[in-house]
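*Asks:* Structure below; questions to follow.
The values are calculated or read from the model by the stated rules, or taken from the named source; none is laboratory data. As the structure is a computational prediction, the values presented were derived from the model and not from experiment. Cβ placement follows ideal geometry from the backbone for every residue including glycine, while neighbour counts extend to all protein chains displayed. Protein only, heavy atoms only, side chains kept; ligands, DNA and RNA dropped before computing areas. Shrake-Rupley method; radii C 1.70, N 1.55, O 1.52, S 1.80 Å.
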Amino acid sequence: MSKKTSIGGQALMEGIMMVGPNKKVAAFCDKNGNITTEEIVCPALKDKYPILGKPFIRGIFSMAHSLNMGMKAMERSADKAMEGEEVSESKFDKWVTEKMGDKMSGVITAVGSVLGILLSVLLFMYLPSLITNGIKYFAGEGIEAFRSLIEGGLRMVIFLIYILLISLMPDIKRVFMYHGAEHKTIFCYEAELPLTVENVKKQSRFHPRCGTSFMTLIILIGIIVGFLIPFQDPLLRTLMKILTLPVVISVGYELIKFCGKHDGILCRIISYPGLLIQRITTKEPDDKMIETAIAAMEEVIPENGEDII
């Protein structure tokens with residue numbers, strides 16, 4: 001037997017967060033192999049405004065909520081990973097702490113978020129359009145009909161180069177291993193098998209409801225939308241891509257949800273590109289990582305069984 005659960009998750013630094021229908025729980029593994037769990041409190045707007053949970057409206061709000069919740073969990077995992085370690089502060093660090101106190105963390109998070117968004121727009125929207133204009137200059141007007149396809153291909157290449165480069169970092173490699181543990185544990189639960197290390201090990205590490213698949217799908221849908229943008233100027237095209245992003249995200253979200261529910265040929269075609277890229281972003285976990293994933297999963301499974309998609 002098997003079922004399709006709504007439970008999802010996120011890999012953290014030496015930990016995993018599982019998101020159930022009623023609560024979100026992060027499990028952390030310290031250097032001694034001790035596993036602890038904490039509930040992550042992050043209310044969603046759709047809980048207050050149910051209309052935001054409706055199809056083709058929920059996508060953009062669900063993504064924003066997931067990013068906010070993920071950042072909270074990642075910050076907590078970083079704090080847990082640094083427990084017991086001496087951190088030397090420079091004179092500048094001490095001055096900033098004295099002047100800003102508890103506000104410092106919020107400021108750093110806000111500045112980091114803004115810079116991250118600007119960098120994403122530059123790399124994935126403006127740069128591909130600029131490069132395409134350069135290609136057009138040398139190849140001629142004939143490539144204009146394929147502009148969106150070329151831009152989409154460049155975005156995919158940049159995305160692949162980015163994840164390949166970060167996968168070389170030891171800490172990120174371990175996050176990708178926890179990512180694999182997350183997927184395997186969810187598959188084990190969906191297969192209605194007891195959540196044991198041996199049962200989890202047998203499962204696939206490639207899951208269709210993954211953030212990697214979602215990002216890949218957004219890039220592919222963006223290619224289709226790009227054909228409808230009439231502008232050639234990189235700035236204007238970038239602006240239009242930003243304006244159409246909520247539509248792209250909403251469609252991508254609904255497709256991911258659909259593929260999470262069904263196993264037909266259409267779903268397999270839609271999921272295939274993302275599953276390929278998951279070969280980079282998920283790695284085989286060790287036993288302790290699996291135990292960490294199981295610890296988080298067991299705390300979010302609702303007693304009434306209302307976790308089916």
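*Asks:* Within region 289-300, can one find any residue that is loosely packed, with under 15 Cβ neighbours inside 10 Å and part of a helix (DSSP H, G or I)?
*Replies:* No, region 289-300 has no match at all.
*Asks:* Still on this structure, please answer the following. Within region 255-275, work out how many residues are assigned to a helix (DSSP H, G or I) and either open to solvent by 80 Å² or more (accessible area, probe 1.4 Å) or touching a Leu at 6+ places or on another chain (Cβ under 8 Å) (or both). Break it down into steps so the answer makes sense when it comes.
*Replies:* Narrowing region 255-275 to residues assigned to a helix (DSSP H, G or I): 255-261, 265-275.
Those still in the list that are either open to solvent by 80 Å² or more (accessible area, probe 1.4 Å) or touching a Leu at 6+ places or on another chain (Cβ under 8 Å) (or both) too: 255-256, 258, 261, 265-266, 268-270, 272-274.
The qualifying residues number 12.
*Asks:* Which count do you get for residues in region 30-48 that are assigned to a loop (DSSP other than H, G, I, E, B), surrounded by fewer than 14 Cβ atoms within 10 Å (Cβ to Cβ) and not β-branched (Val, Ile, Thr)?
*Replies:* Summing the residues that are assigned to a loop (DSSP other than H, G, I, E, B), surrounded by fewer than 14 Cβ atoms within 10 Å (Cβ to Cβ) and not β-branched (Val, Ile, Thr) in region 30-48 gives 5.
The rows are residues; the columns are (1) among the charged types (D, E, K, R); (2) surrounded by 18 or more Cβ atoms within 10 Å (Cβ to Cβ); (3) modelled with pLDDT of 85 or more; (4) out of contact with any strand residue (DSSP E or B) (no Cβ under 6 Å at 6 or more places or on another chain).
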position	(1), (2), (3), (4)
Thr5	no, yes, yes, yes
Gly15	no, yes, yes, no
Phe28	no, yes, yes, no
Pro50	no, no, yes, yes
Gly59	no, yes, yes, yes
Glu75	yes, no, yes, yes
Ala81	no, yes, no, yes
Glu89	yes, no, no, yes
Glu98	yes, no, no, yes
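*Asks:* May I ask you to list the residues in region 159-214 that are polar (S, T, N, Q) and either in a loop (DSSP other than H, G, I, E, B) or surrounded by fewer than 18 Cβ atoms within 10 Å (Cβ to Cβ) (or both)? Full working, then the answer.
*Replies:* Restricting attention to region 159-214, the residues satisfying the condition of being polar (S, T, N, Q) are 167, 185, 196, 199, 203-204, 212-213.
Result: Ser167, Thr196, Gln203, Ser204.
*Asks:* Quick check on Glu192: is it touching a residue at least 12 places away in the same chain (Cβ under 8 Å) and at positive phi?
*Replies:* yes
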